[in-house]
Amino acid sequence: MNEKRIALVTGANKGIGFEVARMLGREGMTVLVGARSEERGEKAAAELTGDGLDARFVRLDVTDDETIEAAAKWIETEFGRLDVLVNNAGIAPAEASVSPSELAVAALRMTYETNVFGVVAVTNAMLPLLRRADAARIVNVSSELGSITLLSDPDGVYYPFNLLAYNSSKTALNGITLSYAKELADTGIKVNAANPGYTATDLNAHTGFQTVEQGAGFVVPLALLPEDGPSGGFFTGTEPLPW
Ligand SMILES: NC(=O)c1ccc[n+]([C@@H]2O[C@H](COP(=O)([O-])OP(=O)(O)OC[C@H]3O[C@@H](n4cnc5c(N)ncnc54)[C@H](OP(=O)(O)O)[C@@H]3O)[C@@H](O)[C@H]2O)c1
């Protein structure tokens with residue numbers, strides 16, 4: 001068996017996912033750069049290998065079962081297992097960033113296809129490989145905008161951000177995180193939701209006030225949790241967030 005830990009990051013061709021891939025590579029892992037575009041994914045993987053990291057592109061559109069199954073088969077053939085899965089791919093489409101009363105169900109469905117259903121599809125496809133690792137970690141990249149506690153506080157900074165589609169997709173993702181953590185409690189696999197914080201990326205037209213290094217820095221600790229680390233929680237780095 002390959003001694004290096006193997007990490008798959010979805011949506012790793014840019015933004016927070018790319019930086020998470022870089023950081024896991026620096027931890028000595030073989031990083032599988034999941035991307036739906038071969039061109040963008042190959043370019044990202046090449047940048048990481050150019051920095052001396054062990055990175056491989058794997059085509060993975062989280063809304064496309066065929067690519068998910070093909071990716072799982074390829075990982076099985078190449079490595080026989082998976083140590084870390086970071087479900088990072090996410091969208092906040094403009095057509096879904098409207099008032100609840102103006103939201104078309106199609107835009108809501110589109111958001112959920114990636115942010116919610118995609119996570120379940122990828123996780124279920126990768127779980128047989130994760131079960132073969134000694135102490136696998138699953139990190140679901142969520143958002144503080146998925147926290148009903150924070151969103152419902154009229155005095156809080158999150159209150160005005162009433163994005164039904166995006167916010168509720170991350171609330172659903174938090175619930176999904178807990179469900180997997182409960183099912184996998186008797187295994188060595190830990191499952192947590194990570195909030196990277198408001199980070200300048202294409203997702204928000206670079207309005208975020210954190211750098212991608214800072215955002216990714218709040219995700220990576222959950223991929224590196226020790227045996228006595230938590231499972232089934234929601235964190236900014238290692239700082240717990242309310243559901
Ligand atoms: N930025 C923030 O302030 C912030 C805050 C909290 C949480 N987050 C979360 O952090 C994660 C990363 O977002 P980001 O800010 O880094 O955004 P980003 O720069 O727009 O990156 C999103 C990544 O997801 C990929 N992606 C989208 N749909 C996909 C699909 N169907 N299959 C595979 N990959 C897909 C994109 O690939 P393409 O290049 O092909 O589009 C891209 O690589 C998301 O889950 C987001 O919700 C971000």
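The table below gives the values:
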| quantity | calculated |
| --- | --- |
| Tally of residues being more than 19 Å from Ala70 (Cα to Cα) and in contact with a Lys or Arg (Cβ under 6 Å, 6 or more places away or on another chain) across region 1-46 | 1 |
| Some residue of region 181-193 being under 13 Å from Phe234 (Cβ atoms) and out of contact with any helix residue (DSSP H, G or I) (no Cβ under 9 Å at 6 or more places or on another chain) | yes |
| Pairs where the first residue, in region 128-143, is closer than 12 Å to Glu76 by Cα and the second is within 16 Å of the ligand (Cβ to nearest atom), C-beta under 8 Å, 6+ apart | Pro128/Ala72; Leu129/Ala72; Leu129/Ile75; Leu130/Leu85; Leu130/Ile138 |
| Condition check for Ala21: in contact with a strand residue (DSSP E or B) (Cβ under 6 Å, 6 or more places away or on another chain) and within 21 Å of Lys190 (Cα to Cα) | yes |
| Residue ID - nearest to Asn140 (Cα to Cα), chosen from residues in region 1-25 that are in a strand (DSSP E or B) and out of contact with any Ser or Thr (no Cβ under 6 Å at 6 or more places or on another chain) | Val9 |
| Which listed residue is within 16 Å of the ligand (Cβ to nearest atom) and not hydrophobic (A, V, I, L, M, F, W, C), from Glu213, Glu183, Glu227 | Glu213 |
| Selection within region 37-70 - under 22 Å from Val116 (Cβ atoms), of a type outside the set (Lys, Arg) and touching a residue at least 24 places away in the same chain (Cβ under 8 Å) | Ser37, Val58, Leu60, Asp61, Val62, Thr63, Asp64, Asp65, Thr67, Ile68, Glu69 |
| Complete set of residues in region 94-121 that are free of Cβ contacts under 8 Å to residues at least 40 places away in the same chain and not in a helix (DSSP H, G or I) | Val98, Ala104 |
| Some residue of region 191-214 being among the polar types (S, T, N, Q), under 14 Å from the mean Cα position of the chain (by Cα) and modelled with pLDDT of 95 or more | yes |
| Some residue of region 21-42 being farther than 16 Å from Arg5 by Cα, buried (at least 19 other Cβ atoms within 10 Å of the Cβ) and among the charged types (D, E, K, R) | no |
| Checking Ile91 against (1) within 9 Å of the ligand (Cβ to nearest atom); (2) outside any loop (DSSP other than H, G, I, E, B), the condition it does not meet | (2) |
| Region 171-210: number of residues that are crowded, with 17+ Cβ neighbours inside 10 Å and part of a loop (DSSP other than H, G, I, E, B) | 9 |
| Qualifying residues in region 64-83 (those that are crowded, with 17+ Cβ neighbours inside 10 Å and outside any helix (DSSP H, G or I)) - the one farthest from the ligand (Cβ to nearest atom) | Arg81 |
| Any chance Val86 is crowded, with 24+ Cβ neighbours inside 10 Å and within 12 Å of the ligand (Cβ to nearest atom) | yes |
| Residue match in region 26-36 (condition: more than 12 Å from the ligand (Cβ to nearest atom), over 13 Å from the mean Cα position of the chain (by Cα) and either assigned to a helix (DSSP H, G or I) or on the phi > 0 side of the Ramachandran plot (or both)) | yes |
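The values are calculated or read from the model by the stated rules, or taken from the named source; none is laboratory data. The shown structure was predicted, so the numbers you read here are calculated from the model rather than taken from an experiment. With ideal geometry, Cβ positions are generated from the backbone for all residues, glycine too; neighbour counts draw on all protein chains shown.
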